[in-house]
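Structure, as structure tokens:
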Amino acid sequence: MKLAIAGMGPAGAYLGASMNGRADIEIYEMQTEKNFSSICAWGTGSGGIVELTRKVGLNFDEYILYKSKHTYIEIGKKLLKARSDGLATFDKPRLLKDITKGINVHYNTRVFPGYLESRSSIAIDATGVYRRLLPQLKQDLLLPTIQYKVRFSEMPYDDFFVSIFKNYGGYLWFFPLGGNTAFVGGGDMFNTHEPEVMNFIKKFQGEILPNSRKGKAIRLLPPSMATPHYYMNTIGVGESVGAVFPLVGEGILPSMLTADILMRTDFDRYSYSSSLKKTFKAYEDAYKFILHKSKHVYGLIDTVIFSLGLFRYIRLNSKYIGVKAGFKELYELFKPL
Ligand SMILES: Cc1cc2nc3c(=O)[nH]c(=O)nc-3n(C[C@H](O)[C@H](O)[C@H](O)COP(=O)(O)OP(=O)(O)OC[C@H]3O[C@@H](n4cnc5c(N)ncnc54)[C@H](O)[C@@H]3O)c2cc1C
């Protein structure tokens, strides 16, 4: 089988590495090798990623920049402290480059629809939010974001910090990167994130590192709605098919998991698509919740039901999400203000 993969993010890189030796693999990545990076806060629940990286011969611990003990979650005047479960920031670009060592990677090559499809048995759309090969989505929900790498003389918080905006349209994040630096970013459906991020940096007298201002949208549409998942001989993996937990914008591990599902279903497009919908059912519930919450149409009973569902999901998946939160904490977060 000749597998041509567009995009060297977590989904494309992990799929390429896992299939290396079992198929003829080529990866096409639009960034140059020298400047290869990833617009992302590089945070993940290491419990899940450790297993996946081990499968492709890497030791995740060697890429960790900062290991979290707890996560502060702020909403309005409330500040909750949740226990972290393996949450960490890691050197994502270095890991992606190392994972794909030994694979034929065409850097500095931007692909367009029609190019890979005719040169391979299967073309993979792993281009993330851009979804370059698959047909465009009829509807989408994209969260605009902005992020800076910031140095502080005194760190504002001693661990991960997330502040949910009062409009429930998004949040600000402060993710430590080791030493006195952190990613400070924000995303908001109502576009208040840029001033919020700047106020935070100013308040804590952070120094923005040169050329570190980056922005890119995050797809919040869940896999059940980010369809089609395939078209002719092209199949989508990762964020291109909505593998981002909408509540927290977590897409690294979910994107790798879509590649795992594709391999487990033997590249059968129909089983893959139906398995995606089943596996990421909770993402659909979270998507509906944030849509309703941002429109302020979610009342007390809905919130209790959602918090219970989310509590169950987090309990079962804490090592993937990286955070352990109890029902009381979740209800406190989401109850109507
Ligand atoms: C500001 C920000 C912060 C985030 N923070 C986190 C976080 O802390 N933790 C987390 O889990 N998730 C986070 N996410 C989400 C996460 O980064 C993505 O969901 C995840 O990386 C998606 O993986 P992917 O492989 O599907 O796509 P991507 O990581 O987006 O990779 C796609 C690749 O395709 C390449 N590409 C695009 N178009 C073409 C083309 N035409 N030809 C060739 N190559 C192309 C791109 O250069 C890129 O390398 C964040 C996202 C943003 C925007």
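Only the coordinates and a few stated rules stand behind these numbers; no lab work does. Predicted, not measured: the structure shown is a model, and the values here were computed from it. Here the Cβ is made from the backbone with ideal geometry for all residues, glycine too, and neighbour counts use every protein chain on show.
Structure notes:
- Degrees between helix 281-294 axis and first principal axis of the chain (Cα, 0 to 90, nearest 10): 40 degrees
- Euclidean distance of C-alpha centroids, the range 167-229 and the range 239-312, integer Å: 20 Å
- If R0 is taken as 56 Å, the Cβ-Cβ distance between Lys328 and Arg119 corresponds to a FRET efficiency of 0.55.
- Local electrostatic count, Leu257, Cβ distance below 14 Å [Lys/Arg +1, Asp/Glu -1]: +2
- Surrounding net charge for Thr181, when Lys and Arg each add one and Asp and Glu each subtract one, Cβ distance under 11 Å: +1
- Working ranking of peptides 152-163, 15-26 by packing, defined as the average number of other Cβ atoms within 10 Å per residue, highest first, is 15-26, 152-163.
- Rotationally averaged projected area of the range 40-119 (alpha carbon convex hull; nm²): 8.4 nm²
- Where trypsin sites (Lys or Arg not before Pro) fall in DSSP loop in the range 206-300, at most 16 other Cβ within 10 Å: Arg213, Lys295
- For the chain, convex hull of alpha carbons as volume per residue, Å³: 124 Å³
- Proximal lysines relative to Lys78, as straight alpha-carbon distance under 19 Å, when same-chain residues fewer than 8 apart are discounted: Lys166, Lys203, Lys293, Lys324, Lys328, Lys335
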